[in-house]
Amino acid sequence: MFSNDLIRKRILVVGSNGMLGQHLIKFYSSNENISLLGCSIEDKPFSGNYDYVQCDISRRDEVKKILYDFYPDIIINAAGFTNVDLCERERETAWKVNVKAVEYIAEVANIIDAQIFQISTDYIFDGKNGPFSETSTPNPLNYYGRTKLASENALKTYAALSTIIRTNVLYGSGSNCRPDFVRWTIETLRRGEKIKIVSDQFNNPTFIDDLVEAINKLIEFKKTGVYNVGGKELLSRYDFSLLIAEYFNLDKELIIPVLTKELNQTAKRPLNSGLITIKAETEIAFKPRSIIESFQLIKKENSL
């Protein structure tokens with residue numbers, strides 16, 4: 001990886017304390033051909049031996065200082081305001097983090113000739129006729145989806161070099177961050193608590209290691225534009241939870257199927273969603289693991 005380059009690649013991971021950010025840091029920190037810097041809003045890194053700076057990306061001056069000081073070749077923006085219901089209530093904050101911050105990054109990236117890799121979502125679609133391709137027409141149902149679509153448009157407007165990576169239902173391990181769907185399901189069922197899981201929301205859940213590998217290949221192949229990255233299997237969230245319970249020997253009877261409308265959530269959810277990944281499979285040889293293969297790795301790495 002990058003072995004043909006005479007100069008070390010400089011990679012900045014924005015949002016390095018989040019679940020995806022942590023995995024990106026682990027992936028790149030052992031590579032001697034890369035100068036790595038992580039930044040997040042917290043005052044210290046999650047763990048590991050790598051360069052880290054604190055940054056509030058909603059503040060333009062802080063973004064400019066970090067980018068000019070480090071002068072990255074590659075910027076991976078793994079940060080975001082991702083609580084879908086909270087986005088409806090805290091719209092100003094959601095817009096600052098998900099949209100304005102991307103504009104600030106793009107402004108400087110253009111000047112220093114850095115390429116931005118931006119993480120987006122299937123929530124930019126309405127979920128009526130999924131799964132969706134890179135050329136499907138966006139129509140977000142909620143404010144979170146609107147901010148993520150706006151961030152994509154900001155890159156198209158402000159950034160000369162950018163790659164948009166759309167993903168959905170990201171799962172995997174992480175330290176000191178909000179539990180993903182798999183860990184939340186395991187922990188709740190192990191406590192013997194019942195959980196209500198929607199049976200009418202369909203996605204192809206994305207294993208975090210697959211996403212990291214896809215990002216790396218997009219960097220290696222110097223790809224720009226939009227790419228979908230998702231899992232092999234398209235299934236309902238309810239069926240996904242049954243697979244989790246079965247693999248980790250948990251009580252499936254505790255899982256209660258419900259319809260999305262019964263939950264009365266603040267934000268509307270797309271139902272028939274998911275992402276078609278043929279473009280990534282063809283152009284960068286993306287090969288997602290099966291759900292069971294990902295569970296095997298999660299169990300091994302986390303002693304679950």
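Only the coordinates and a few stated rules stand behind these numbers; no lab work does. Predicted model, so just to flag it, every value in this text is computed and none were measured. With ideal geometry, Cβ positions are generated from the backbone for all residues, glycine too; neighbour counts draw on all protein chains shown.
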Descending Cα extents along the principal axes, segment 164-302, whole Å: 47, 35, 26
Would you please state the base-10 log of I(q)/I(0) at q = 0.21 1/Å for segment 54-115, with intensities from the Debye formula using one equal scatterer on every alpha carbon? -0.79
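Please report, in cubic angstrom per residue, the volume enclosed by the convex hull of the alpha-carbon atoms of segment 123-227. Walk me through the numbers on the way to the answer.
Working: hull volume 14.5 nm³, N = 105.
Dividing the Cα hull volume of segment 123-227 by its residues yields 138 Å³.
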Matching label for the computed P(r) over Cα pairs in 20 Å bins from 0, in percent, out of (1) 28, 56, 16, 0; (2) 36, 54, 10, 0; (3) 33, 60, 7, is (3)
Projected-area mean, segment 101-140, by convex hull of Cα positions, square nanometres: 3.6 nm²
Computed over segment 1-104, Cα set: Rg, Dmax in Å: 14.3, 49
Which one of A267, S175, I244 has its Cα pushed farthest toward the positive end of the charge dipole of segment 134-268, where Lys and Arg give +1 and Asp and Glu give -1 at the Cβ? A267
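With 18 Å as the cut-off, how large is the P(r) tail for segment 33-164, expressed as percent of Cα-Cα pairs?
Values: 4834 of 8646 pairs.
Pairs farther apart than 18 Å: 56 percent.
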Going 7 Å from the Cα of R91 along its beta-carbon direction, which residues of segment 132-152 have the amide nitrogen within less than 20 Å of the resulting point? 139-152
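Divide by every residue of the chain the summed helix terms, -39500 (n - 2.57) for each DSSP H run of at least 4, and state the resulting mean residue ellipticity at 222 nm, rounded to the nearest 500 deg cm²/dmol. Display every interim value, and only then the final one.
Values: 11 runs with 113 residues, N = 304.
It comes out at -11000 deg cm²/dmol, rounded to the nearest 500.
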Just flag the GluC sites (Glu not before Pro) in segment 191-272 sitting in loop per DSSP whose Cβ has no more than 15 other Cβ atoms within 10 Å. E193
Residue-count net charge about Q265 - beta-carbon cut-off 11 Å; Lys, Arg +1, Asp, Glu -1: 0
Filter on K44/K299; K100/K223; K223/K279; K64/K223; K26/K223 - keep pairs with C-alpha separation over 20 Å: K44/K299; K100/K223; K64/K223; K26/K223
Inter-label distance, nm, simple model (7 Å from Cα along the C-beta direction), E246/I111: 5.5 nm
